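**Student:** Dropping a structure here in structure tokens format, bear with me for questions.
The values are calculated or read from the model by the stated rules, or taken from the named source; none is laboratory data. These numbers were taken from a predicted model, which means no experiment stands behind them. Positions of Cβ are backbone-derived with ideal geometry, glycine not excepted, and every protein chain shown enters the neighbour counts. Protein only, heavy atoms only, side chains kept; ligands, DNA and RNA dropped before computing areas. Shrake-Rupley method; radii C 1.70, N 1.55, O 1.52, S 1.80 Å.
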Amino acid sequence: MTVNGNTRSLRQHVQRSLGDDFVEPPASVLPNDIDDDEDEGEEFQPKAAARGRPSTTPGRGRGRPSRTGRKTSATINQADDDSMETSSVTMTTGNNTTFASAQQSEEKGYFHHLLAGKTNIQVLVDQWIDSYQANRDEALIELMQFFLDSSGCKGKLTQAMYLKMEHVDMLRAMTEHFDEDTSEYPIIMAGLQYKKFRTSFSEFVVLLIKQASYSIIYDQYMIDNLVTLLTALSDSPVRAFRHTGTLAVLKVMTALVDIALTISIQKDQCQRQYEAERQKSSARRAADRLDTLTAKRKELEGNENEIKSFMNFIFKGVFIHRYRDIVPDIRCLCMSELGEWMKSYPMVFLDDIYLKYIGWTLYDKVGDCRLRCLLALIPLFQTTDLVGKLELFTNRFKDRIVQMTVDCEYEVAVQAIKLLTAILKFNERILEDKDCENIYELVYHSHRQVAQAAGEFLNQKLFHKAEQPLTSSKKRSQNTAFMHLLVQFFIESELHEHATYLVDSMWDQHPMMKDWECMTDILLEAPDQEEDPLDDQHENCLIEIMVCCVREAATGEYPIGRGQPNRKLTMKEQKQKEDDKRVLTDHFIGTLPPLLNKYIADADKLLNLLQIPLHFNYEVYTTTRRERDLDAYLTALSDIVQRHTTAEIFDAVSKCFECVCDVSFTLSNRAIAHRGNIIDKILANFNAAMGIFEEMDEADEDDLYPLLLNLRKLDAFHQCHDLDNIDLWDKIHLLFKAAIDNEDMSPEIVDKCFGIANRSLLWGLYQLDIQFDKDLLKKLVKRTRKLCALCQKLMLHANTQICHYAYSTLCDLLISMSPHLVDKNPDYQVLVVEINENLIQALLTFLNTYVFFAEEPKNQDEQGKIETLHKKRNLLAAYCKLIVHNVLPIQAATNILKYYVKFSNDFGDIIKNTFTRARDISKIHTAKTMAYSLMAVYKDCVAARDTAQEAAGNDETIAIDLSPLRELARRFNLSFGLDMAKQREALAALHRECIRFALTPLFKHDDPSQPGPNILFLEVLPEFASKLLKPDKKAIYDHVDKLVHNATIDGDAWQPLINYRRILNDEPGGGHGQKPRTSTATRGRKRAAPQDGR
């Protein structure tokens, strides 16, 4: 290729060293010696960058002699080589400089037209081509100026510079003309305008090259100069130049690829025409037709060779140096464009010579670069005609792609799984079993996109080729075989508590997830002779999967941890949910009763099946006239209540009746009648059991079992239904009295009694809200007082479980009967439980006994310890909830906060959240409560010292260990945050309370010269002094002086007070032996920190 005039040699930029601004592939895949420019190699081995080779190109800026001039700012010019200096090159003609820093006018510059976005890109391209045909040098100067402007450079390129200076020298001069206020440049700037500009910039370059392909691209001038400039830009140590130049030259390459593809198609078409014409007889053959076609074919071949030579130059001169640039955005750009070239022109680029660069970049440390590689590969593997050429690449980099399925970047992991799914469609044998198993586990991943991608892979691997048995004598759903495979997969995964995650992963992948008929047919119909019957485990798993499918279809909610909780559904999702709910209801109202009857003896299966009616659209019973199915369903529920004995089953049945008895349901009267019959039977059995209980002097567990069974049923129905016509209070009260008198009373009976009693009060409040009744109000007041007294008595019971039940019920009662009731109705004031010291002390005694200082069971396993800790946390949280909801005064948290450090691992989060929420109520009262907690800890330290002193005798003096006090003070101090202005009143209140305690009394009773017994408490206050503002320090200092009066303060015993006053007065030497901090900072102007502009 010949270059005319002042065109720079293209070839001088090809062979050059790779500098320090490049990133190498991982060492694990690097060989010892491979040349980057050898394209013949078939092996996928990354090529090491040449380090330390002398540069042969002036444009590299390394190894040249030092030149006088201004050093390029690392921040402004984005130089990636700290040692690189640029010289200010000026060429003077008379009194005029050859370039100026003035910005190109908006009316003339292509950059400003594209940035404004008001001019059509096609118009700008046509305008430039017309300008080039009129004066090619001026047009090229305008185009070069456009690229400089797009780089953020404010320098102006003149004709003299263009004619007399090399491109590298021009760029070196232009580095002096960047905006010193920012390190950004247009193609990376934020904002919609610059985002559109980047798109317009790429479109402009591509369209310009394509438009030029019809005329001027083959004149051996335009494309030569343009590519040489862009290559120099992409080789610049200035990041703005390098990034913009790389983007532009790669877009040029993209346009050239499209042109080469077009020429290739035209050449093939011309060859076919030539062959067709040559096969004609001499009589029919046009004389000059063959000569014309031959000439046209030769012309196309010449054009194709020239375009390919440019492509080869750009790839070798730019791509192989920039694909491992130190700037991640440039590496991403290279991978994205390479993927486009492979997809557009696979005959040339879909080769191992080019694929290896994508494979090496899969090891990039930046997630976005790895992502671009995967996004480039996925379309190739999804194209049937291209996938055959990727076999060698797949074998070489398969293990790396499998590793990327657990990438720390979730989007990378998602695309890696999608790529493996595409590979699986191409050839199942490429992936080994261990590779597939690693992906199978990801269906339970907490990230929904990762799990769904894994679900797509699982669907392709397991369900794509599964077929229905041909010998089946019954007409089965086509998804039957798939469902069997899904159940088997769920069993083998051994994660039986996570069926909802498996269902969510497969939800959008396979229609079997909504094939209700398939699921119920498998459960209800007998298998064929050729089919193996389902065992108990398979039935359990299938029912669990079916229930999870019903829940997802009816609610549209994602499992916990996947997506936002309580997310708002879109209109489309809402409509889909309603349609799915109607379809599943229409199916299950006929099949659920047989399922309940079939598995009525199996409690585990029933618990799952009874979740299905909670998601019904009950109006379908009316619209489809399915009253018989409703009766069958209600009868099945009645049979379940009669046959079962567990509380969980009764709770599930009660919730089912709650849904079907809703008054908005047209046929609710039938359900209410069934519910009434069930409750009447339960009540009759309960009364009979109570009669037997009252007559017995002593009762064992067998004697109490009928009573317990009916209490379970009553408690379950009382949770969801208002049994206003049944008054169980008197009989429940008798059971409470029996529990007080009898230490061997069944704890579960007491628990059910507490539940019934508490809910009877809540249902009473519900009735009062509907219709106020003074008689009902008086009855509720009387029963509330009785229940509160019973709870306090039973909190002292010998049985630990009964104590726990009583404590939890009391806390719930205090919440429900709190002063907030008065906001609804002033008449409810009489319902509010009075909070007194005895009540608070009873609660604190319980916490000390069963939470903070509970006896640990011996030989308890790890699971048992976790469950015990969970119970303790619930008990403590119940008390803290009373403080947070302003039922108990904030001061009631004193004995809780004192354990903040001691039990930090077990309860630290609960205690911290308590005083954080208490600050929202009152900052001052919370600060005072903290002071009281510190006082309590100080008293504990003194008591510990006294105990140790008694054990040691008078021979040795034991000092007080205040380390627990200081640590607690340090934790409290951190909780105040950094905004001292917001906390100044609270901090001042804390200091005053602590001072009052420490200086009361001021002197010993027997020795007026010695301080009082609490003087050491002042050692904790320096922890909080740093948060005080100067006016507050002065006020507190005056307050201390006022308390001390004119007392003589001298001696070591008064040292805590002396130190505290020094700190308040900002005198040196205050604190716990603290030395004044000496500043080591140098005076004068700060030395600028080195900035890496890379």
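**Student:** Residue 848 versus (1) exposed (fewer than 15 other Cβ atoms within 10 Å of the Cβ); (2) under 40 Å from the mean Cα position of the chain (by Cα); (3) not in a helix (DSSP H, G or I): which is the lone unmet condition?
**Tutor:** Failed condition: (3).
**Student:** Still on this structure: Identify, from the list 754, 772, the residue that is over 30 Å from residue 632 (Cβ atoms), in the same structural domain as residue 790 (by the TED database) and part of a loop (DSSP other than H, G, I, E, B).
**Tutor:** 772
**Student:** Can I ask one more? Among 257, 227, which is the only one that is under 25 Å from residue 169 (Cα atoms) and out of contact with any Cys (no Cβ under 6 Å at 6 or more places or on another chain)?
**Tutor:** Exactly one of 257, 227 is under 25 Å from residue 169 (Cα atoms) and out of contact with any Cys (no Cβ under 6 Å at 6 or more places or on another chain), namely 227.
**Student:** Follow-up. Can you go through 183, 236 and tell me which one is more than 18 Å from residue 146 (Cβ to Cβ), in contact (Cβ under 8 Å) with a residue 60 or more places away in the chain and in a loop (DSSP other than H, G, I, E, B)?
**Tutor:** From the options 183, 236, the qualifying one is 183.
**Student:** Let me ask another. Looking only at the range 702-752, which residues are closer than 24 Å to residue 640 by Cβ and of a type in the set (Lys, Arg)?
**Tutor:** Correct list: 712, 713, 752.
**Student:** Go through 139, 134, 160 for me and flag whichever is closer than 19 Å to residue 248 by Cα, in the same structural domain as residue 228 (by the TED database) and among the small types (Gly, Ala, Ser).
**Tutor:** Among 139, 134, 160, only 139 is closer than 19 Å to residue 248 by Cα, in the same structural domain as residue 228 (by the TED database) and among the small types (Gly, Ala, Ser).
**Student:** Which pairs turn up if I take residues in the range 762-788 that are under 21 Å from residue 834 (Cα atoms) and open to solvent by less than 80 Å² (accessible area, probe 1.4 Å) and look for partners that are acidic (Asp, Glu) and in a helix (DSSP H, G or I) with beta carbon separation below 7 Å, at least 6 apart in sequence or on another chain?
**Tutor:** 777/827
**Student:** Let me ask something else. Looking at the range 683-701, which of its residues are open to solvent by 60 Å² or more (accessible area, probe 1.4 Å), more than 22 Å from residue 647 (Cα to Cα) and part of a helix (DSSP H, G or I)?
**Tutor:** 692, 694, 695
Quick grid of which residues meet (1) surrounded by 12 or more Cβ atoms within 10 Å (Cβ to Cβ); (2) modelled with pLDDT under 90:
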| position | (1), (2) |
| --- | --- |
| 280 | yes, yes |
| 285 | yes, yes |
| 291 | no, yes |
| 304 | yes, yes |
| 315 | yes, no |
| 320 | yes, no |
| 330 | yes, no |
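**Student:** While we're here: Test each condition in (1) surrounded by fewer than 19 Cβ atoms within 10 Å (Cβ to Cβ); (2) in contact (Cβ under 8 Å) with a residue 24 or more places away in the chain; (3) of a type in the set (S, T, N, Q); (4) part of a helix (DSSP H, G or I) for residue 669 and report the one that comes out false.
**Tutor:** (2)
**Student:** Please state which one of 1040, 1044 is open to solvent by less than 10 Å² (accessible area, probe 1.4 Å) and at pLDDT below 80.
**Tutor:** After applying the criteria, what remains is 1044.
**Student:** Can I ask one more? Any residue that is outside any helix (DSSP H, G or I) and without any contact (Cβ under 8 Å) to a residue 40 or more places away in the chain - is there at least one of those in the range 907-926?
**Tutor:** Scanning the range 907-926, I find at least one residue that is outside any helix (DSSP H, G or I) and without any contact (Cβ under 8 Å) to a residue 40 or more places away in the chain, so the answer is yes.
**Student:** Only one of these conditions is not met by residue 951: (1) over 17 Å from residue 893 (Cα atoms); (2) open to solvent by less than 80 Å² (accessible area, probe 1.4 Å); (3) among the small types (Gly, Ala, Ser). Which number is it?
**Tutor:** (2)
**Student:** Moving on. Looking at the structure I just gave you, is residue 819 assigned to a loop (DSSP other than H, G, I, E, B), out of contact with any Lys or Arg (no Cβ under 8 Å at 6 or more places or on another chain) and within 25 Å of residue 766 (Cβ to Cβ)?
**Tutor:** yes
**Student:** Checking the structure you have, find out if any residue of the range 812-819 is farther than 17 Å from residue 877 by Cβ and out of contact with any strand residue (DSSP E or B) (no Cβ under 8 Å at 6 or more places or on another chain).
**Tutor:** The answer is yes, given that some residue of the range 812-819 is farther than 17 Å from residue 877 by Cβ and out of contact with any strand residue (DSSP E or B) (no Cβ under 8 Å at 6 or more places or on another chain).
**Student:** Restricting the search to the range 855-905, which residues are open to solvent by 60 Å² or more (accessible area, probe 1.4 Å) and assigned to a helix (DSSP H, G or I)?
**Tutor:** Once the filter is applied, which keeps residues that are open to solvent by 60 Å² or more (accessible area, probe 1.4 Å) and assigned to a helix (DSSP H, G or I), the range 855-905 yields 862, 863, 865, 866, 867, 870, 871, 873, 874, 881, 891, 905.
**Student:** Another question, if that's okay. Among the residues in the range 750-758, are any open to solvent by less than 80 Å² (accessible area, probe 1.4 Å), more than 20 Å from residue 710 (Cα to Cα) and in contact with a Lys or Arg (Cβ under 7 Å, 6 or more places away or on another chain)?
**Tutor:** no
**Student:** Sticking with this structure for a sec: Just a yes or no: is a residue in the range 469-486 modelled with pLDDT of 90 or more, β-branched (Val, Ile, Thr) and open to solvent by 30 Å² or more (accessible area, probe 1.4 Å)?
**Tutor:** no
**Student:** Here is a further query. Helices (runs of 4 or more DSSP H) wholly in the range 930-1028 with at least 2 residues that are charged (D, E, K, R) - which ones?
**Tutor:** Filter on the range 930-1028 gives 963-975, 980-998.
**Student:** In addition: Testing residue 941 on (1) under 38 Å from the mean Cα position of the chain (by Cα); (2) of a type in the set (A, V, I, L, M, F, W, C); (3) open to solvent by less than 30 Å² (accessible area, probe 1.4 Å), one condition comes back false. Which one is that?
**Tutor:** (1)
**Student:** Turning to a different aspect of this structure: Which of the residues belonging to the range 263-277 are without any contact (Cβ under 8 Å) to a residue 24 or more places away in the chain and open to solvent by less than 80 Å² (accessible area, probe 1.4 Å)?
**Tutor:** 268, 273, 274, 275, 276, 277
**Student:** I would also like to ask the following. So how many residues does the range 143-154 have that are over 16 Å from residue 226 (Cα atoms) and either buried (at least 23 other Cβ atoms within 10 Å of the Cβ) or touching a Lys or Arg at 6+ places or on another chain (Cβ under 6 Å) (or both)?
**Tutor:** Number satisfying all stated conditions: 2.
**Student:** Check residue 1020 against each of (1) closer than 15 Å to residue 898 by Cα; (2) open to solvent by 20 Å² or more (accessible area, probe 1.4 Å) and name the one condition it does not meet.
**Tutor:** So the condition that residue 1020 fails would be (2).
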